[in-house]
2 protein chains.
Amino acid sequence: MTPIRVTTPGGSASPGDSEDLNSRLRIGALHLFETRGFDTTTAEDIAQSAGISRRTFFRYFPVREDVLFSDHAVYLLRVEQRLRAARGEPIRVAGVALDPLVDGLVADADFVTRRAVVIRENVALRDREVLWLREYQQLLGGFLAEQDLGARSAIFAQIVAAALLAALSQVIDRWLAAPGSEDPRALLAELVDEIAESMGESGLRGRGPGAAHPERTGVVVINSRLSADEIAHLIEGAH
Amino acid sequence: MTPIRVTTPGGSASPGDSEDLNSRLRIGALHLFETRGFDTTTAEDIAQSAGISRRTFFRYFPVREDVLFSDHAVYLLRVEQRLRAARGEPIRVAGVALDPLVDGLVADADFVTRRAVVIRENVALRDREVLWLREYQQLLGGFLAEQDLGARSAIFAQIVAAALLAALSQVIDRWLAAPGSEDPRALLAELVDEIAESMGESGLRGRGPGAAHPERTGVVVINSRLSADEIAHLIEGAH
DNA sequence: GCGCTGGATGGCACTGAGTGACAGGATACT
DNA sequence: AGTATCCTGTCACTCAGTGCCATCCAGCGC
């Protein structure tokens with residue numbers, strides 16, 4: 001997956017930039033896909049549109065589909081950095097680490113929305129996007145697997161990672177469907193919060209209290225038919 | 001994805017059966033992959049091993065990789081049936097609906113474990129497996145989306161589906177790594193339970209009480225430094 | 001200036017996946 | 001019988017992806 005040539009030696013920062021070869025390729029390709037359709041556009045066509053040879057094209061993108069996803073190669077690196085740098089409650093850290101991705105997509109809105117249209121109409125592109133998103137999932141999964149998530153930690157690491165990525169995917173979908181109607185980053189934060197609270201350190205009968213967020217206090221009650229006293233009694237007998 | 005020819009008109013039931021063309025192909029292919037490696041085995045080779053022409057092979061499996069995954073086409077149907085038939089708390093229903101898949105894999109253990117070895121060593125096969133698993137996820141996601149999961153129902157449907165499928169994936173991985181050490185179906189049930197409890201109707205500030213599991217009572221307290229009275233007070237002020 | 005070296009590119013040729021079109025051949029139905 | 005239908009094989013074609021080699025263009029030391 002990784003060997004997309006990012007071609008950002010130190011200069012042009014964001015994937016929305018223009019005028020390096022990578023950008024010429026992805027923009028030219030998108031335009032071709034929009035007009036001619038994905039599977040009637042050959043690698044040769046794309047290469048020509050950027051003024052390079054077919055052979056060179058495949059040196060930049062080992063798989064033809066990837067010409068639309070070069071940004072992910074960049075975002076993945078940023079997400080990885082965030083994971084390495086941040087500290088705190090693991091699940092929230094993992095969730096927040098996805099911010100650069102969301103920000104990047106929003107900043108590159110024009111390209112991203114047009115790309116989404118093309119992707120929606122083509123199976124190969126949809127599949128390829130799934131595989132790219134899975135890269136993030138593995139990243140988060142790997143990170144969470146190194147943390148202690150209580151009982152069944154290794155398993156839950158993957159489950160939580162999957163949940164987080166599904167949340168991300170939904171956030172992006174919503175944003176694409178109705179741009180501007182909701183702040184994607186805020187929505188993601190909200191969902192991450194809920195996931196962290198429900199599957200986090202205390203949500204799944206894992207370990208004791210007092211780890212990362214000692215000041216945080218939360219109470220969840222299921223079946224409010226019990227009186228407060230009864231609940232208090234239950235709590236006293238619990239731990 | 002779907003157009004794999006299942007070739008089970010009404011006769012041979014389980015994917016582990018032999019002697020229909022489909023089985024000859026997948027077994028022959030597996031053997032070739034084991035000995036010669038996946039990417040040095042051409043579609044022609046596989047076709048020959050089953051005594052058919054290359055063209056016919058591609059009529060059975062539009063994508064070469066799929067020759068190893070024909071069982072999923074069957075399992076997907078069964079899972080879908082289970083979803084349609086069962087009633088109860090949605091998340092548990094969705095989780096339990098995966099049982100036919102687990103059972104099928106276990107029943108077909110020889111093939112499945114050998115396949116796993118081949119898959120592990122090849123990117124194209126790994127990717128293809130991911131895409132197949134995603135089919136289940138979409139199935140569950142679609143089902144859950146029709147249910148009412150409380151606030152943000154549409155979003156949580158996808159998140160829960162992803163979590164369930166990650167659980168399934170972990171269960172299978174464990175079983176493959178140490179067959180017989182743990183009952184995969186029991187482990188899956190356990191994980192589904194935890195997911196249902198944490199992300200279910202009450203886990204995520206959704207709707208009121210009294211739906212599917214009215215008798216169930218649970219209390220979760222984060223930060224036990226508070227006294228029981230303080231907590232009771234918090235609760236009284238909550239709803 | 002010159003020569004050298006390393007990386008990026010292009011051209012060429014080759015394998016193999018996947019597909020459309022057509023032609024038998026078997027089977028089932030009447 | 002005749003005929004419609006489904007399955008299969010053959011042929012031919014496009015195009016993705018790759019290895020090999022020649023070339024070109026920096027940069028750098030001298």
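The values are calculated or read from the model by the stated rules, or taken from the named source; none is laboratory data. A quick note: this is a predicted structure, and the numbers were derived from the prediction, not measured. Because the Cβ atoms are built from the backbone with ideal geometry, glycine has one as well, and the counts that use them run over all protein chains shown. Surface areas here come from the heavy atoms of the whole protein model, side chains and all, with no ligands, DNA or RNA. Shrake-Rupley method; radii C 1.70, N 1.55, O 1.52, S 1.80 Å.
At a glance:
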{"quantity": "In the stretch A:35-53, the residues that are more than 7 Å from DNA strand C (Cβ to nearest atom) and of a type outside the set (A, V, I, L, M)", "calculated": "A:THR35, A:ARG36, A:GLY37, A:PHE38, A:ASP39, A:THR40, A:THR41, A:THR42, A:GLU44, A:ASP45, A:GLN48, A:SER49"}
{"quantity": "Residue count for the stretch A:66-125, restricted to those that are more than 18 Å from A:LEU168 (Cα to Cα) and hydroxyl-bearing (Ser, Thr, Tyr)", "calculated": "1"}
{"quantity": "For B:ASN22: the one exception among (1) within 17 Å of the chain's Cα centre (by Cα); (2) at pLDDT below 95; (3) not in a loop (DSSP other than H, G, I, E, B)", "calculated": "(1)"}
{"quantity": "Of residues in the stretch B:182-195 being closer than 16 Å to B:VAL112 by Cβ and not charged (D, E, K, R), the one farthest from the other protein chains (Cβ to nearest Cβ)", "calculated": "B:PRO184"}
{"quantity": "Residue check, A:GLY180 out of contact with any helix residue (DSSP H, G or I) (no Cβ under 7 Å at 6 or more places or on another chain), outside any helix (DSSP H, G or I) and not aromatic (Phe, Trp, Tyr)", "calculated": "yes"}
{"quantity": "Residue count, the stretch B:111-137 (criterion: without any contact (Cβ under 8 Å) to a residue 24 or more places away in the chain and away from chain A (no Cβ under 14 Å))", "calculated": "1"}
{"quantity": "Where B:GLN170 falls short, out of the listed (1) within 17 Å of B:VAL192 (Cα to Cα); (2) without any contact (Cβ under 8 Å) to a residue 60 or more places away in the chain; (3) more than 11 Å from chain A (Cβ to nearest Cβ)", "calculated": "(3)"}
{"quantity": "Residue satisfying all of: in the stretch A:28-53; near DNA strand D (Cβ under 7 Å from one of its atoms) and assigned to a helix (DSSP H, G or I); farthest from the other protein chains (Cβ to nearest Cβ) among these", "calculated": "A:GLU44"}
{"quantity": "Test for B:ARG55: is it more than 14 Å from the chain's Cα centre (by Cα) and at pLDDT 95 or above", "calculated": "yes"}
{"quantity": "Lone qualifier among B:ASP17, B:ASP71 - being more than 15 Å from DNA strand D (Cβ to nearest atom), at pLDDT below 95 and of a type in the set (Asp, Glu)", "calculated": "B:ASP17"}
{"quantity": "Test: residue in the stretch A:103-122 that is open to solvent by less than 10 Å² (accessible area, probe 1.4 Å), more than 16 Å from DNA strand C (Cβ to nearest atom) and among the hydroxyl-bearing types (Ser, Thr, Tyr)", "calculated": "no"}
